[in-house]
Amino acid sequence: MASLVFDVKPRVYRSAKRFGLYTFSEVTEYHLGLIAASGIVINLILAIVGYFVGFPLFARLNMYYAFFNILPISELDGNKIFFGSKIMWSFLASLVLIGMLFAIFIV
């Protein structure tokens, strides 16, 4: 697993008229947050699947990776989620913290 950074900047314009048609090309902070949240959700799902299949080390590593990515610093996914939607970030952060406690004390 590697820490990936996607480089998408939010657009300030809503539509551009090209060849008589309007094309909508707006990517807002909320959309960036949804894209970043998908990576953390996949890590949580892989941790659950890895635990039930019988790979506790794989499950633990996915939880550590999800915890590392939910931190709202620099270019990590947590920063994009935090500025996209604080409610979504708090929900995912609580899920990741519960999973981290599970990974540290039970697995």
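Just so it is clear, none of the values below were taken in a lab; they were calculated from the coordinates. Treat the numbers as computed from the prediction; the structure is a model and nothing was measured. Please note: Cβ atoms are built from the backbone with ideal geometry, for glycine as well, and neighbour counts cover all protein chains shown.
Could the peptides 75-87, 34-46 be put in order, highest first, of the mean number of other beta-carbon atoms found within 10 Å of their residues?
75-87, 34-46
Hey, what do the phi angles of the stretch 64-80 turn into as Karplus ³J(HN,Hα) couplings, whole Hz, using 6.51/-1.76/1.60 and θ = phi - 60°, x for Gly and Pro?
5, 5, 5, 5, 4, 7, 7, 5, x, 10, 6, 9, 6, 4, x, 5, 5
Please list 91-102, 58-69 highest first by mean number of surrounding beta-carbon atoms within 10 Å per residue.
Going by the mean number of other Cβ atoms within 10 Å, highest first, we get 58-69, 91-102.
Modelled label-to-label distance, Phe55 and Lys86, 7 Å Cα→beta-carbon offset: nm?
For Phe55 paired with Lys86, the spin-label model returns 3.8 nm.
In nm, what is the difference between 0.36 nm times the number of residues separating Leu34 and Ser94 and their Cα-Cα distance?
19.9 nm
What ³J(HN,Hα) values, in whole Hz, does the Karplus curve 6.51 cos²θ - 1.76 cosθ + 1.60 give for the stretch 36-46 when θ = phi - 60°, with x put for Gly and Pro?
Karplus-based 3J(HN,Hα) across the stretch 36-46 equals 5, 5, 5, x, 5, 5, 5, 5, 5, 5, 5 Hz.
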